[in-house]
């Protein structure tokens with residue numbers, strides 16, 4: 001769930017709605033400056049399901065320590081790892097598996113989980129909770145590596161290249177370049193969609209996508225109400241209108257998760273108009 005604060009109320013968006021918007025943006029990705037997605041249909045499929053591991057939590061939402069509806073960015077590391085793993089499993093287990101989409105979502109999960117596996121620098125006591133977290137992150141990464149080792153040959157990708165978090169360090173190989181192009185789009189569109197729905201921009205600046213000269217440039221973003229302003233502009237159209245479904249909930253503590261779940265079931269779905277424009 002994504003929780004947006006709006007004048008004494010929360011606007012609550014499901015992860016599936018966030019993913020739907022990211023998938024919609026795939027169709028506009030690329031222009032005279034930025035390389036478009038290589039496998040646009042597969043990228044759109046990946047974007048539409050990249051957060052499907054959160055579906056069960058969205059169906060039975062939980063409370064934050066402040067007893068607000070739990071935002072995905074507030075979730076503990078164990079919940080985040082399980083959601084990342086479940087998202088990849090969802091794509092892997094589809095009747096007609098799309099290996100390119102599955103690989104993209106697997107890489108996306110590995111990249112996100114990398115932050116969960118970092119230990120703060122400087123003098124500190126190494127707690128047992130850190131050991132458990134690092135163990136689970138490493139176990140998750142190993143599972144994704146094994147999955148990727150099976151997927152890569154089916155896509156004409158080598159398993160011999162040195163890779164970091166799923167991406168080859170040798171982009172001289174055209175297939176590896178294509179994978180990097182599409183992964184960068186998935187990562188960027190994920191952040192753009194999140195930043196449209198959340199209370200503010202999630203990451204600043206956002207990581208760039210591949211330019212036609214081969215380099216990348218970070219994307220600066222700023223929010224003005226329901227408008228997100230980007231520079232440089234990575235899309236084909238000069239502006240993009242979007243609409244997101246949400247439920248309106250009081251910005252006050254709730255006594256229990258069952259009470260939250262019951263209340264949300266009674267609330268109607270509403271629409272919020274959103275706008276993406278260049279700086």
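Using helices alone, I'd like the mean residue ellipticity at 222 nm for the chain: each DSSP H run of four-plus residues gives -39500 (n - 2.57), total over residue count, nearest 500.
For the chain, the value works out to -14500 deg cm²/dmol.
Before anything else, pin down the relative contact order of the chain: Cα pairs under 8 Å, at least 6 apart, normalised by residue count, whole percent.
Relative CO of the chain lands at 26 percent.
In whole angstrom, note down how far apart the Cα centers of the range 189-256 and the range 63-105 are.
Cα centroid to Cα centroid, the span is 19 Å.
Which of 187, 19, 162 ends up with the largest GNM mean-square fluctuation for the chain, with Cα atoms connected below 10 Å?
Evaluated over the chain, the most mobile residue of the options is 162.
Taking semi-axes √(5λ) of the Cα gyration tensor in Å as the quantity of interest, determine which of (i) 25, 23, 18; (ii) 30, 25, 18; (iii) 32, 21, 18 was computed from the displayed structure.
Comparing each candidate, only (ii) matches the computed number.
Since every read-out is calculated from the coordinates, none of them should be taken as a lab result. These figures come from a predicted structure and were not determined experimentally.
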